[in-house]
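Presented below is the structure to which this report refers.
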Amino acid sequence: MNAETVPGDDPRPLETRELELRLHVLRAIALAQDRWQEVAAAVAGGEPLPLDGLTPDQEAAVMALQLRRLAPTQRARVRADIDAMESVLRRHRADDAGDAGDAG
């Protein structure tokens, strides 16, 4: 068993779970960036976010953004972060699958 895994808890390593949670939030930020004018208008008007399917965690993350982070100039940075984190997560999942295969 991985030292970062607690028995009876989620069997995935802590680092994998943390990456998945961060990616979950970054994807909502990327969506908000794609629709930044609508999001900014909704925030300014005290209206619900015009983004369907957000979880409460994602909505809270978008609402906590400073409007400058929604600007199109920030898109490349967020997309690069998502790509990098997805690559690391794929490696973690492959390692986890390999570890499970070795244990059986």
Among the residues in segment 75-87, are any hydroxyl-bearing (Ser, Thr, Tyr), exposed (fewer than 11 other Cβ atoms within 10 Å of the Cβ) and at pLDDT 85 or above? yes
Looking for something free of Cβ contacts under 8 Å to residues at least 24 places away in the same chain, surrounded by 15 or more Cβ atoms within 10 Å (Cβ to Cβ) and of a type outside the set (Ser, Thr, Tyr) - is there at least one such residue anywhere in segment 49-64? yes
For the list (1) surrounded by fewer than 16 Cβ atoms within 10 Å (Cβ to Cβ); (2) closer than 14 Å to Val62 by Cα, I need the number of the one condition that Gln33 fails. (1)
Give me the pairs: first residue in segment 25-37 and of a type in the set (S, T, N, Q), second residue crowded, with 18+ Cβ neighbours inside 10 Å and in a helix (DSSP H, G or I), beta-carbon distance under 6 Å, and six or more apart or on different chains, which are they? Gln33/Leu70
Among the residues of segment 78-92, the number that are in contact (Cβ under 8 Å) with a residue 40 or more places away in the chain and hydroxyl-bearing (Ser, Thr, Tyr) is 0
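The values are calculated or read from the model by the stated rules, or taken from the named source; none is laboratory data. Remember, it's a predicted structure, so these values are computed and weren't measured experimentally. Don't worry about glycine lacking a Cβ; one is built from the backbone with ideal geometry, like all the others, and counts go over all protein chains shown.
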